[in-house]
Amino acid sequence: MIERTVASLRLTQTSETIRVLLRDFEENASDWLWETDAERNLKHASARFAEVARRPAASIRGDFLAFIAGEDDTIRKVRKNTGDPYEPLRLKFEMQRPFRDIVVPANMDGEQRWWSLTGKPITDQAGVFIGYRGVGSDVTAMHQSRERIAYLARHDTLTDLANRTEFNNALGQLLADGSRSGAALLCLDLDQFKAINDSYGHGLGDSVLRAVAHRIRSAIRDRDIAARLGGDEFSIVLPSNNEFDATAVAERVIDRIARPFKFDGVTVEIGVSIGIALAPHDGETSEELYKNADLALYRAKDAGRGTWRLFDREMDRHLQERRSLQRDIKRALLSEQLFVEYQPFVALDTHKITGLESLVRWHHPERGIIAPDEFIEIAEQSGHIGTITAFVLAESLAVAAQLPANVSIAVNLSPLHLREAWLFDQLSGIIERSKIDPGRIEFEVTESAVLETEGRTLENLHRLRELGCRIAIDDFGTGYSSLATLRGFPFDRLKIDRSFIVDLERRENDAPIVKAIIELSRTLGLRVTAEGVETARHADILRAYQCHDGQGFLFSPPLPKRDVLEWFECDNTAHGMAPGQVGSAI
Ligand code: C2E
Ligand code: CA
Ligand code: CA
C-alpha cells in the first residue's frame, strides 16, 4: 500500500516536472501541447492551446477528435466526397500507435483552420496505457498554399474549369471503377472561334472563352465535370452513360452558348458542336472514348454545326475505311491506279463542246473504282493533293494535245494545294512542257478557296491568270459570301452549283436565283456554266435565261480518255451535238 502511494506520488512529481519543462517549450515555440486520458478526453489544456483554440483553457475538454471537428459537422459535410478527414487519426488512437504530422481540419470558433498533430501513447509504470501526449501546430497558411498549388495544377487558369490532367484523371477513374452507371464523354468545338480571335484580338477571345466556360458550368450538374483541354477545346464528362441524359446536357450547352455574348459593346455570337461517346459501349479506355467522341464531333460539324451527334459503330467503320485509304493512296500514286475521266461542257445555243472538265478517279485493286469525293479530302490531309493535281493536269494536257484547239480543258484545284508557295512553279512547269496554249487551260476553284486569306492563294491565282490560264469559280452558290467573292478576284467563268439546277423544274424558288446569278455574271463579263443539267427542260430554261454553257448527264457523263478521243475522231468537222446525242452515241 505504501509502495503504491510512493509510486503514484513519484509519478505525479515526474509529470509535474515534465509539465514545467513543456510549458517552457510552449512559450518559445508556435506549437502547443495537448494531452488526453485513455478515453481520448483532453486534459490539462495549456494557455497556448487555449489561445489557438480561441476559448478558455477550462472549457477545453471532452473527446479530442470531437473537439477539433467542432460542434457542427460542416467540415465533414463539405468534405463528403473525400471521405472522413479524421479517419487516419482515429485509427492511430484506436490502435494506440504514435503518429507524426497528421494534418486535419480544425473548426475553431466557426473558422476552418488546419492543424498538424504529432502524438505518442503514454503508459504508467506498470505499462498500462493511460493516454496520449503530443504537440500541435497551426498549418493553415501552408495548407492553403499547398491546396492552391494543387488546385492550380488541376485547373485551367483562364476559365477555372478542370484542365486536361484533372479531366483525364476523373475520366480514368470513372472508367476504372467499372461503375455500374458508366460514363459519357462530350467533346465540344466552338464554331468560328478562330474568326473571333482573329478579328477582335486575343483579349476578347479570352473573354469569350471565360464566358463560354461559365455557361457550360451553368448548363451541367454538380456531379458532371467540365474541362478546357486547351485553345477552344472543351470537354464534359458525365458519371452515367444514359443516352438521354447525355444528349439533354448537350442540348442545354448548345442552347446556352448560342445566346449572344456582349463585351464592351461588342456583340459576339458563337456556336458549339458536340460529339458524344458513351462508356463502356463506345470505348472502355479514355483513348478509345476520346477518339470516338471526336469522330462524333466531326460528324456534328459536318451536319451543319450548332448540333450534337452520338458516336455509332458505322462512324468507326467509316473511319477505318478512311484510314486504309490514307495508307493506300501513296501506293495509288506510285502504281498508277489513278486515272482521269472527262466530262464535256456544251454551248447551250450551238450544242458545240466548248471544253472538258477533268475528273480524277481511283482504280483501287480491292475496292474497285473510288469517286473523288471519297478520297480527295484524304489526299489533302495526307499531303498528296499536289501530286494528284500535277498528275491530272499532265494527263489532261496530253489529251488536249490530241483535241481541236478550240476545246478547252478544266482542272480542279484544291484550296489546300492553292495555298502553297510552290504551286505556281509546279503547274507552270507542266504547262510549259506540254506546249499547250495556256489560254486553253481553265482552273476551277471553289468560293471557299478564294475567301482563304492564308498562304499564297490569291497570288497563285493571279500568276496562273497572268500566264494566260483562265480561272473558274466552281460550285457557285454553295458558299456564303457569293458577291464578295466575285469582287475579290477577276474570274473568267462561273459554274452554278448543280443543287440549283436539279430542281429547276420543280422548285419555284430556284428559278429566280438561277436567273439572277446568270444575269449578274453576264454583267460582270463572266462566262456562265450550269452544272448538273440532266433534262432537256433544264437546258431549255437555262437557254432562255441566256446561260452560256451546260454540263451534265443530259450531254454526257464523265468518260474515259479513249471514248473522248474516239468521239472527236467520229465527228471532227463540227463538234456539235444535240442533247442526249453524246450519251447515246457511246
Ligand atoms: P465538281 O467539280 O462539281 O465536278 C462535277 C461532279 O458532278 C462530278 O462528280 C460529275 O460526275 C458530277 N456530275 C456531272 N454531271 C452531273 C449531273 O448531271 N448530275 C449529277 N447528279 N452529277 C453530275 P465527280 O467526278 O464524282 O467529282 C466530284 C468532285 O470531286 C468534283 O466536283 C470536284 O470537286 C472533285 N474533284 C474531281 N476531280 C478532282 C481533281 O482532279 N482535283 C480536285 N482537287 N478535285 C477533284
Ligand atoms: Ca469542278
Ligand atoms: Ca462543280
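The values are calculated or read from the model by the stated rules, or taken from the named source; none is laboratory data. Treat the numbers as computed from the prediction; the structure is a model and nothing was measured. All Cβ positions, glycine included, derive from the backbone under ideal geometry; neighbour counts span all protein chains shown. Heads up: the accessible areas ignore ligands, DNA and RNA and are worked out on the full protein's heavy atoms, side chains in. Shrake-Rupley method; radii C 1.70, N 1.55, O 1.52, S 1.80 Å.
Annotations
- Euclidean distance of C-alpha centroids, segment 282-345 and segment 363-427, integer Å: 21 Å
- The chain: proportion of alpha-carbon pairs further apart than 44 angstrom, %: 47 percent
- Between the beta carbons of Asp312 and Asp109, assuming R0 = 60 Å, the FRET efficiency works out to 0.55 to the nearest 0.05.
- Ala398-Leu451 FRET efficiency (beta carbon distance; Förster radius 45 Å; 0.05 resolution): 0.85
- For the chain: accessible area per residue (Å², 1.4 Å): 51 Å²
- Within the shell of other residues whose beta carbon sits under 9 angstrom from the beta carbon of Lys561, the net charge comes to -2, with Lys and Arg scored +1 and Asp and Glu -1.
- Counted charge near Ile501, where neighbours are those whose Cβ lies closer than 9 Å (Asp, Glu -1; Lys, Arg +1): -4
- Cα-projected label distance for Leu467 with Leu520, points at 7 Å along beta-carbon direction, nm: 3.0 nm
- Value at 222 nm in deg cm²/dmol, rounded to 500, when DSSP H runs of n ≥ 4 in the chain each add -39,500 (n - 2.57): -14000 deg cm²/dmol
- Computed 3J(HN,Hα) for segment 346-356, one whole-Hz value per residue from the Karplus formula 6.51 cos²θ - 1.76 cosθ + 1.60 where θ = phi - 60°, is 10, 5, 5, 7, 9, 6, 8, 6, 9, x, 10, glycine and proline marked x.
- Cross-link partners of Lys301 among lysines (Cα-Cα below 30 Å; sequence separation of 8 or more within a chain): Lys194, Lys262, Lys291, Lys330, Lys495
- Taking a point 7 Å from the Cα of Glu147 along the Cα-to-Cβ direction, the residues of segment 103-119 with backbone N closer than 18 Å to it are 103-117.
- Taking each residue as 0.36 nm, the span from Asp160 to Met95 lengthens on full extension beyond its C-alpha to C-alpha distance by 19.2 nm.
- Estimated FRET transfer efficiency (Thr267, Glu233; beta-carbon r; R0 22 Å; 0.05): 0.35
- Computed from label points 7 Å out along Cα-Cβ, the spacing between Arg180 and Ala47 is 6.0 nm.
- Charge sum, other residues only, whose C-beta stays under 15 Å from Leu91's C-beta, Lys/Arg counted +1 and Asp/Glu -1: +2
- The portion of the accessible surface of the chain made up by carbon and sulfur, rounded to a whole percent, is 50 (1.4 Å probe; DNA, RNA and ligands excluded).
- Filtered chymotrypsin sites (Phe, Trp or Tyr not before Pro), segment 184-249: DSSP coil and at most 15 other beta carbons within 10 Å: none
- Straightening the chain between Lys352 and Phe489 buys 46.5 nm, computed as 0.36 nm per residue apart minus the Cα-Cα spacing.
- Annotation for Glu566 and Leu458: the two label points, set 7 Å from Cα along the Cα-Cβ direction, are 4.8 nm apart.
- Fully extended contour minus Cα-Cα distance, from Thr478 to Arg55, at 0.36 nm per residue: 144.6 nm
- Of every Cα-Cα pair in segment 28-145, the percent that sits beyond 25 Å: 19 percent
- Modelled label reach - Glu336, point 7 Å along Cα→Cβ, segment 373-416 residues with backbone N closer than 14 Å: 395
- The string of couplings for segment 542-549 from the Karplus curve (6.51, -1.76, 1.60, θ = phi - 60°) is 5, 5, 4, 7, 6, 6, 5, 10 Hz, one whole number per residue in order, with x for Gly and Pro.
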